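Chemist: First the structure, which I've put down as structure tokens, then a few questions once you've had a look.
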Amino acid sequence: MKRYSAFAVAREALRYHTGWERAWRSPEPKRHYDVIIVGAGGHGLATAYYLGKNYGITNVAIIEKGWLGGGNTGRNTTIIRSNYLQDPSAAIYEKARSLYETMSQDLNYNVMFSPRGVIMLAQTEHEIRGYKRTAHANALQGVQTEWISPERVKEIVPIINLHGPRYPVLGGLWQERGGTARHDAVAWGYARACSDMGMDIIQKCEVTGVRVENGRVAGVETSKGPIDCDKMGMVVAGNASHLSEMAGFRLPMESVALQALVSEPIKPCMDVVVMANTVHGYMSQSDKGEMVIGGGTDAANNYTQRGSFHHIEETVRALVETFPMVSRLKMLRQWGGIVDVTGDRSPLISKTPVGNCFINCGWGTGGFKSIPGSGWAMAELMATGHSPLTEEFTIDRFKEGKFIDESVAAGVAH
């Protein structure tokens, strides 16, 4: 794999850009792999990458029924933060945030990580208590956050209206080292690195069955034929329940759509991410000038990837109160993604009832921010059978009552 650099760009410019190679290969599947990862989104690709980088396991196939990064990885609002309340959550999200800081250098691919900071607004007395509690917990966890006053919020976000008629801004939880990254670039960077290690990324290949022999996974049936494996990782977000049923077990999760939209591009007016959980809205400005807006999950379970007028109207109406200037903007486009939500709003990174079969799902709408940490932990679990980052996130916690309640830190399930 040729390294990307300023010198490479200059060289190719002189050659009319005829020397660029494909970022990753598109091979036909082999008959057998040491590991099959089902799902070529951010989490699946990160799992494969750290299997190779940390453990030298490179006879790996990443199978995707659509196109690489075409699911939730390409349908989110790119927020990165680690200010979660519970210790297990803070540990894995902080691991992810720290890996994002060096990801461009590690992958030799610019993922456009922007540590612009994230504010979670407190607009009720209940939220003040909740966020102050989180700030204290973060201090004990080694996660850098702080409680800030309304005046400090206004200083950081000049366009905000502190005195909304329903929900005034009473302060906020500020994580200065949170931010955003380019979602597509994260998937492409991991894919390029995996391909360079000799892994096979197989797109347009749907898994139609999981073969289990003597209580252990033996392989998968796909639209491109059967493929054998020694270990399998299921990393398919909202479709995890379908895949687990093929393997003969059920998951304690449900799938719902989360909608988002972007406005027409405007001049820079906001250089941080703001989340207003009371009114169910969050917003940031992209490098192209678009206001990236999202809200809460749909009320009913569904698998749609389309937007709806009702939900967008509700989200925008809430944000207009806090950011009056957005009332004058035109919507450019909207979309939906399928998110997988557990009862305690925390993920599943776990062994399964099927031997050598592992599951990574249940991230709700916190999936993008956790990609590198999730991949790191899942790779460790698959390679060694144990990971300190995944100890609390097992399937069995729902039978044992050991919930990791992140309903406050997750906010709008985000």
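Chemist: If you find the alpha carbon centre of segment 177-235 and of segment 287-308, how far apart are they in angstrom?
Modeler: 26 Å
Chemist: Here is a further query. Which percent of the accessible heavy-atom area of the chain goes to carbon and sulfur, probe 1.4 angstrom?
Modeler: Within the chain, the accessible surface is 52 percent carbon and sulfur.
Chemist: Can you list the aspartates and glutamates whose alpha carbon sits under 19 Å from that of K330, skipping same-chain ones fewer than 8 residues off?
Modeler: By straight Cα distance, K330 reaches E264, D287, E290, E313, E314, E321.
Chemist: Just order 28-34, 364-370 by mean Cβ neighbour count inside 10 Å, highest at the front, would you?
Modeler: 364-370, 28-34
Chemist: Could you list, in their original order, any pairs among K204/K351; K2/K65; K154/K402; K95/K132; K204/K399 whose Cα atoms are separated by more than 30 Å?
Modeler: Long pairs (Cα-Cα over 30 Å): K154/K402; K204/K399.
Chemist: Another question, if that's okay. Determine ³J(HN,Hα), in whole Hz, for all residues of segment 195-212 in sequence, where each value follows from phi through the Karplus function 6.51 cos²θ - 1.76 cosθ + 1.60 and θ = phi - 60°; x replaces Gly and Pro.
Modeler: Calculated HN-Hα couplings, in order: 4, 5, 7, x, 6, 9, 9, 10, 8, 6, 10, 8, 7, 10, x, 10, 8, 10 Hz.
Chemist: With springs connecting C-alpha atoms under 10 Å apart, model the chain as a Gaussian network and identify which of G215, G164, G39 has the largest mean-square fluctuation.
Modeler: G215
Chemist: How many Å² of accessible area per residue for the chain, probe 1.4 Å?
Modeler: 42 Å²
Chemist: I've got another one for you. What figure in square angstrom, to the nearest 10, would you give for the accessible area of D87 with a 1.4 Å probe?
Modeler: Counting only protein heavy atoms, D87 exposes about 100 Å² to solvent.
Chemist: Just reorder S98, S327, S241 by solvent-accessible area, largest first, 1.4 Å probe, all chains present.
Modeler: Descending order: S327, S98, S241.
Chemist: Quick one: helix 309-322 against the long Cα principal axis of the chain, what's the angle to the nearest 10°, folded into 0 to 90?
Modeler: 50 degrees
Chemist: Among all the aspartates and glutamates, which ones have a C-alpha under 19 Å from K30's C-alpha, if same-chain residues fewer than 8 places away are not counted?
Modeler: Within reach: E64, D196, D200, E206, E221, D228, D230.
Chemist: Still on this structure, please answer the following. Go ahead and collect, in residue order, the members of segment 187-224 whose backbone nitrogen is under 12 Å from a label point 7 Å along the Cα-Cβ direction of W67.
Modeler: Residues 204 qualify, since their backbone N sits under 12 Å from the label point.
The values are calculated or read from the model by the stated rules, or taken from the named source; none is laboratory data. Quantities reported herein were computed from a predicted structural model and do not represent experimental measurements. Note that we place each Cβ from the backbone using ideal geometry, even for glycine, and neighbour counts take in every protein chain shown. Keep in mind that these areas ignore ligands, DNA and RNA; they rest on the heavy atoms of the full protein, side chains included. Shrake-Rupley method; radii C 1.70, N 1.55, O 1.52, S 1.80 Å.
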